[in-house]
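To start, the structure itself, in structure tokens.
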Protein chains: 2
Amino acid sequence: MPPGPSQDEIRRQNLGALLRHVHVHGATSRAELTTALGLNRSTIGALTADLAGAGLVSEGAPKETGRAGRPSPVVRPESNRIHAYAYSIEVDRLRAARVGLGGVVLDRRELDRPRGLLVAEAAPLLAGAVKEMQQHVPADAVCVGTGVAVCGMVRRDDGLVRLAPTTGWVDEPIGAALSAELGIDAPITVGNVADVAAFAEHARGVAAGCDNVVYLYGDVGVGAGIIAGGRRVTGHGGYSGEVGHMKLVRDGERCECGSRGCWETQIGENGLLRNAGRPGAQGREALLAVFDAADRGDARAGAAVRQAGDWLGFGVANLVNIFNPEMVIFGGTMRDLYLAAAAQIRSRLNANALTACLEHVRLRTPKLGDDAALVGAAELAFERLLADPLDIG
Amino acid sequence: MPPGPSQDEIRRQNLGALLRHVHVHGATSRAELTTALGLNRSTIGALTADLAGAGLVSEGAPKETGRAGRPSPVVRPESNRIHAYAYSIEVDRLRAARVGLGGVVLDRRELDRPRGLLVAEAAPLLAGAVKEMQQHVPADAVCVGTGVAVCGMVRRDDGLVRLAPTTGWVDEPIGAALSAELGIDAPITVGNVADVAAFAEHARGVAAGCDNVVYLYGDVGVGAGIIAGGRRVTGHGGYSGEVGHMKLVRDGERCECGSRGCWETQIGENGLLRNAGRPGAQGREALLAVFDAADRGDARAGAAVRQAGDWLGFGVANLVNIFNPEMVIFGGTMRDLYLAAAAQIRSRLNANALTACLEHVRLRTPKLGDDAALVGAAELAFERLLADPLDIG
């Protein structure tokens, strides 16, 4: 435990706590803030005044409580004024959004991404999408940062994309490339898509209030965002959660990582399409076609989905034994697979996970859906503001 | 982030930070404390006076610095006076120790544990060992708590041993049994042996200063204590780190957990003895005999050790991909296996772990050796004192 903070640090900590509360929970009365933060009314009043002075929150008409006495004014995040830009770089598409304080997606753009698209080609497309959105931004709006979600391994220190086997990127400084295209100096925070989606679902999604969460995200590959004890597990360099490369089959199928028998060769896009007898196909649509065919009684598609579901349960049981989570979230293509093969997954979990590790686990699909990557990327950008609210600009 | 603390909370936080510093680092000059804690000299002086008044630290003759000016007095933990009792319940032995503030083992007892020994039989033996030690304790000594390390799954809320397949314990309240035998009211903190050993090695052992650590502990089974971002990963109920029950072989060997193909069926005691052609043998001595035989050129023992080493590397590669640690520590029987088969382990790691996840990983044996379980169990007991130093007694 570090030594206690100074008076100035305490004030900044309190400002951050209040701003974080309305950022996560939305409009909140001063009375509720007093209770939630454990601070007295005059302190809440002073903090609110400071944040309102900086244009970060506004105070509005009180909510009608139906109770006697003067109702308490409501503090709201300035979602239209204070915003971040968020990018999501996926296997088959590029997305950009303007996200307001409070996690509101205010505007968005989406582009197809041909597989094999280089960083040098992706950066101008993404920057162009943001420049287009900037034309519709109110004159008094303030951008507090930019966050990027990438389906790849991202070095925590500087956001370098070390390896994204599914997009073919190796050692790509996507943050710097975007800064150059946008002509901005401010740092751009880059994170792995599963990590940022887990972050978003934990902050304001299905895992709100859960301290121990495994968020499984699938596209061609499979990764996990991990929350343990209420905090993100990032690993030493930022590369933790590469659960798709958990080896479950000795001398198994060749994986895009160069090794063999990785979990994602069984549950990822390639494995499922191969086992369904569609090895030439690729992409989310091709995958959904397999689930559809299974649903309509196609025997081969059905067998492939059940097999993938069994493998999904097999690996999730390992993660349950390792992390003892209270929730496992199935995102991206793992959502589709979970919904199509829940029985296999449950059965494998019951057979392979230790009773104590499994007993309180809830299996869930994301509440934020596909927006989790964008909202989570924006959260990366908002973190700096929330750590020190009056230091913006 | 919670709101900022009150003045009284800050003082207690500072007292805890100072006491923790000398607890972990030993005798420290006031000048060094000023630098380490970032507090001014008069604050350090006042905090030291408070802790000395409570009998937790003493101030002594300054260290000779060789520099000009008045040397700074040295603050020492009162290791002989302030102590905790620590127990370690292992497959083949029971241990008890009196551990002084600062992590010094002051006295210890060890008993053989026949496999199959019940909690009702173990508790009086352990309590007897402590009563014997109590006869040698100085009159002014203060016991601040009791901690227990158990090779089993421990519920965090109340220390119930949910399942210890290797000792046969199911739902055993070992803490309550010990309290009753000792005739004490104070709560006894119980933890899993791998978790507490990891805690000890992180606080004052080979992993000091490492924020992301996997500590693998083996006896008959295999478990891990995990440190992520400088904090212990415990999971929702306290059961995380059951890596020995990571399934790596579909329809593999039957495991004591009731499932099949668990990692520990390949690297734990039973698997190694089975593969070495000694299925009737058991215990650490029998295991060491296999390593000895392999060393002396026994072909079957050598093959069994290489095979187990390969499986150890196989599973550690998965943990490296999942946690991206900066250090993996091999404790208990995993230490022996690591030392006997380092080449297989390294080779498997290089083949199966992702380059980015592996690049900064150091493989190490414990610095505290077998004492890690006792020192870690004592740390559990010291935690309450360090959180609020003046609240003892």
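General observations
- For A:Arg113, nonlocal amide neighbours, meaning residues 5 or more places apart or on other chains whose placed amide H falls under 5 Å from its own, are A:Arg93, A:Leu94.
- In this structure the amide hydrogen of B:Asn192, modeled in the peptide plane, comes within under 5 Å of the amide hydrogens of B:Val150, B:Val154, none closer than 5 places in sequence on its chain.
- Between helix B:284-295 and chain B: long-axis angle, C-alpha atoms, 0 to 90°, nearest 10: 60
- Remark: the protein assembly as shown carries a charge dipole of roughly 160 debye about the Cα centre, counting +1 on each Lys and Arg Cβ and -1 on each Asp and Glu Cβ.
- Across the identical copies, how the A:Leu288 labels are spaced - nm, sorted shortest first, 7 Å along Cα→Cβ: 6.4
- Shielding value for B:9-20 is 3, the average number of Cβ atoms from other chains within 10 Å of each residue's Cβ.
- Radius 12 Å from Cβ of A:Leu117, net charge of other residues (Lys, Arg +1; Asp, Glu -1): -2
- Label-point separation in nm, A:Gln134 to B:Leu111, each point 7 Å along Cα→Cβ: 7.5
- Solvent-accessible area lost in complex, 40 Å² minimum, residues of region B:320-351 relative to chain alone, 1.4 Å: B:Asn321, B:Ile322, B:Phe323, B:Asn324
- Cβ-based net charge around A:Gly313, under 14 Å, with every Lys or Arg adding one and every Asp or Glu removing one: +4
- Probe 1.4 Å - accessible area at B:Lys131, Å² to nearest ten: 90
- With the Kirkwood sum run over all distinct C-alpha pairs, chain B has a hydrodynamic radius of 22.3 Å.
- Straight-line cross-link reach from B:Lys247 at under 19 Å between alpha-carbon atoms covers these aspartates and glutamates, not counting any fewer than eight positions away in the same chain: A:Glu242, A:Asp251, A:Glu253, A:Glu264, A:Asp310, A:Glu359, B:Asp219, B:Glu256, B:Glu264, B:Glu269, B:Asp310.
- Relative contact order [Cα under 8 Å, 6+ residues apart], chain B, whole percent: 17
- Summed over both chains, the area buried between A and B is near 4900 Å², taken from the accessible surface of protein heavy atoms with a 1.4 Å probe.
- With a Förster radius of 35 Å applied to the beta-carbon distance between A:Ala180 and A:Arg231, the computed FRET efficiency rounds to 0.60.
- Packing rank of A:376-386, B:151-161, where each peptide gets the mean count of other beta carbons within 10 Å, highest leading: A:376-386, B:151-161
- Summed residue charge, Cβ within 10 Å of A:Leu160's Cβ, Lys/Arg positive, Asp/Glu negative: -1
- Relative protection proxy for A:32-38, A:85-91, from highest mean packing down: A:85-91, A:32-38 (other beta-carbon atoms within 10 angstrom).
- ³J(HN,Hα) computed for each position of region A:109-119 - Karplus, 6.51 cos²θ - 1.76 cosθ + 1.60, integer Hz, glycine/proline x: 9, 9, 10, 5, 10, x, 4, x, 4, 7, 4
- In sequence order, region A:385-390 has phi-based couplings of 5, 5, 6, 7, x, 8 Hz under the Karplus curve 6.51 cos²θ - 1.76 cosθ + 1.60, θ = phi - 60°, and Gly or Pro positions carry x.
- Helix B:299-323 axis, angle to chain B major axis (alpha carbon atoms, nearest 10°): 50
- Across the identical copies, the label point of A:Gln7 (7 Å from Cα in the Cβ direction) is separated from its matches by 1.0 nm, in order from shortest.
- Taken over the protein assembly as shown, the alpha-carbon convex hull comes to 198 cubic angstrom per residue.
- Extension gain, B:Ser42 to B:Arg250, is 68.5 nm, computed as 0.36 nm per intervening residue step minus the present C-alpha separation.
- Inter-label distance, nm, simple model (7 Å from Cα along the C-beta direction), A:Asp292/B:Leu288: 6.7
- Relative to one another, the C-alpha centroids of region A:204-228 and region B:11-45 are positioned 39 Å apart.
- Förster radius 45 Å - calculated FRET efficiency between B:Arg93 and A:Ala299 (Cβ-Cβ, nearest 0.05): 0.20
- Calculated Rg and Dmax of region A:207-364 using C-alpha coordinates, Å: 15.2, 47
- Taken residue by residue and averaged, Cβ atoms of other chains lying within 10 Å of the Cβ of B:242-252 number 5.
- With respect to chain B, whose longest principal axis is taken over its alpha-carbon atoms, helix B:342-352 is tilted by about 80°.
- Inter-chain Cβ neighbour average for residues A:356-362, partner chain, 10 Å: 5
- Nearest-10 value in Å² for the accessible area of A:His360, using the 1.4 Å probe: 110
- Between copies, A:Arg115 shows label-point distances of 5.1 nm, shortest first, with the point placed 7 angstrom from Cα along Cα to C-beta.
The values are calculated or read from the model by the stated rules, or taken from the named source; none is laboratory data. As the structure is a computational prediction, the values presented were derived from the model and not from experiment. We place every Cβ from the backbone using ideal geometry, glycine too, and count neighbours over all the protein chains shown. Just the protein is used for accessible areas: all its heavy atoms, side chains included, with ligands, DNA and RNA removed. Shrake-Rupley method; radii C 1.70, N 1.55, O 1.52, S 1.80 Å.
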